[in-house]
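The values are calculated or read from the model by the stated rules, or taken from the named source; none is laboratory data. Computed from a predicted structure; not experimentally measured. With ideal geometry, Cβ positions are generated from the backbone for all residues, glycine too; neighbour counts draw on all protein chains shown.
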């Protein structure tokens, strides 16, 4: 998915997210594992809302995303201190080693093919400093089966009406269809559609995938806490290092 139309309204639809609080939370985890971390890569950075927060915390930041439209929005809200690169995670190519990688808002769930996920994580492992840290989150099987499931969600802002339709298929996959209805000055609407899939993995599967990519789990938390994940956790934060 290239988020061609979604990029236009992504920030509006995510307006309830406290990016600064999430950045501080991740920063505290990084500082525990690598206090001297200064170079950080924000993978699948989207419109850069998290990227600019990490820069504000004092990191030298690189933002990567495969969507040119998302990166265009990110550049509008950033200064020249942040480098943005149009790269998929599977094609990650850095100029040297990195102190910390971050990937938020279940971006890794969008890689539904297991081999492609191993490839993406292997690229992170390749460029991660030997004592570096990778912090990412993933939606859980519980969330896919019971929260996203076959449900429909509706979002409305001043400029757009969005219908989010899910279809739970099998093995943790959710097919997602987004219908955007963009308001026009004459009161009519223009409809745009985008489709993608998210896949959730068990903890055992995630650990094995990380192992194949040359990484190991250092810690796991229920989202935005320091508590161990529960059976009802909807999103898990993984803290990972090189094997």
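For the structure I just gave you, tell me whether residue 81 is farther than 16 Å from residue 104 by Cα and touching a helix residue (DSSP H, G or I) at 6+ places or on another chain (Cβ under 8 Å).
yes
State whether one or more residues within the range 135-154 are loosely packed, with under 13 Cβ neighbours inside 10 Å, within 20 Å of residue 238 (Cβ to Cβ) and in the same structural domain as residue 21 (by TED's automatic domain parsing).
no
Which of the following residues is within 18 Å of residue 33 (Cβ to Cβ), surrounded by 14 or more Cβ atoms within 10 Å (Cβ to Cβ) and either modelled with pLDDT of 95 or more or assigned by TED's automatic domain parsing to the domain that holds residue 99 (or both): 203, 210?
None of the others qualify; the one that does is 210.
Which residues, taken from the range 38-61, are surrounded by fewer than 20 Cβ atoms within 10 Å (Cβ to Cβ), more than 22 Å from residue 88 (Cβ to Cβ) and in contact with a strand residue (DSSP E or B) (Cβ under 7 Å, 6 or more places away or on another chain)?
Result: 38, 60.
From the set of residues in the range 108-119 that are touching a strand residue (DSSP E or B) at 6+ places or on another chain (Cβ under 7 Å) and surrounded by fewer than 21 Cβ atoms within 10 Å (Cβ to Cβ), which is nearest to residue 137 (Cα to Cα)?
Once the filter is applied, the top-ranked residue is 110.
Please count how many residues of the range 208-220 are farther than 14 Å from residue 125 by Cα and within 19 Å of the chain's Cα centre (by Cα).
2
Residue check, residue 91 against (1) modelled with pLDDT of 95 or more; (2) surrounded by fewer than 22 Cβ atoms within 10 Å (Cβ to Cβ); (3) touching a strand residue (DSSP E or B) at 6+ places or on another chain (Cβ under 9 Å), all met but one. Which one?
The failed condition is (3).
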